Amino acid sequence: MLTTGPWSPDKLPEELARVYPQIAARLAELIARIEASDRQIEWINARALPAGANRLLVAELVARGLPGFVDKGSNVHRIVHELRLPAFEYSRREPYTWSRG
């Protein structure tokens, strides 16, 4: 038996159509800015740090409270590398709102 209320199947399509495009667009914009920031920080760490200075941490490490993307020998999945957001309105040429490749 299907239930009614906030989880009822007949209300989910409307909620998905209303919520997902906005969230996907906001996340895609945020992730693009994080990726651009990561490139700048990686350039600074490789070429412009003063002698003896600690390497700068990228935004994701700071936000997640991590010292690096390796923990006890295991790689920590990077949001910027792993996240894929399918486009709400499908297009064969652009199937994703965000995808790293």
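The values are calculated or read from the model by the stated rules, or taken from the named source; none is laboratory data. As the structure is a computational prediction, the values presented were derived from the model and not from experiment. Reconstructed Cβ throughout: ideal geometry from the backbone, glycine too, with neighbour counts over all protein chains shown.
Quick notes on this structure:
Conditions tested, residue by residue: (1) assigned to a helix (DSSP H, G or I); (2) at pLDDT below 95.
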| residue | (1), (2) |
| --- | --- |
| Glu15 | yes, yes |
| Tyr20 | yes, no |
| Arg39 | yes, no |
| Val80 | yes, yes |
| Thr97 | no, yes |
| Gly101 | no, yes |
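Residue-by-condition table, conditions (1) acidic (Asp, Glu); (2) touching a Gly at 6+ places or on another chain (Cβ under 8 Å); (3) part of a helix (DSSP H, G or I); (4) closer than 30 Å to Pro21 by Cα:
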site: Glu35; (1), (2), (3), (4): yes, no, yes, yes
site: Ala53; (1), (2), (3), (4): no, no, no, no
site: Val62; (1), (2), (3), (4): no, no, yes, yes
site: Gly68; (1), (2), (3), (4): no, no, no, no
site: His77; (1), (2), (3), (4): no, no, no, yes
site: Arg92; (1), (2), (3), (4): no, no, no, yes
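- Out of Ala36, Ala53, Ala32, Ala25, one residue alone is over 30 Å from Glu89 (Cα atoms) and among the small types (Gly, Ala, Ser). It is Ala53.
- Residue within segment 76-97 that is under 26 Å from Pro13 (Cα atoms), polar (S, T, N, Q) and surrounded by 11 or more Cβ atoms within 10 Å (Cβ to Cβ) present: yes
- Selected residue (criterion: farthest from His81 (Cα to Cα)) from residues of segment 31-54 that are surrounded by 11 or more Cβ atoms within 10 Å (Cβ to Cβ), free of Cβ contacts under 8 Å to residues at least 60 places away in the same chain and among the aliphatic types (A, V, I, L, M): Leu49
- Unmet requirement for Ala28, which otherwise passes all of (1) assigned to a loop (DSSP other than H, G, I, E, B); (2) touching a residue at least 40 places away in the same chain (Cβ under 8 Å): (1)
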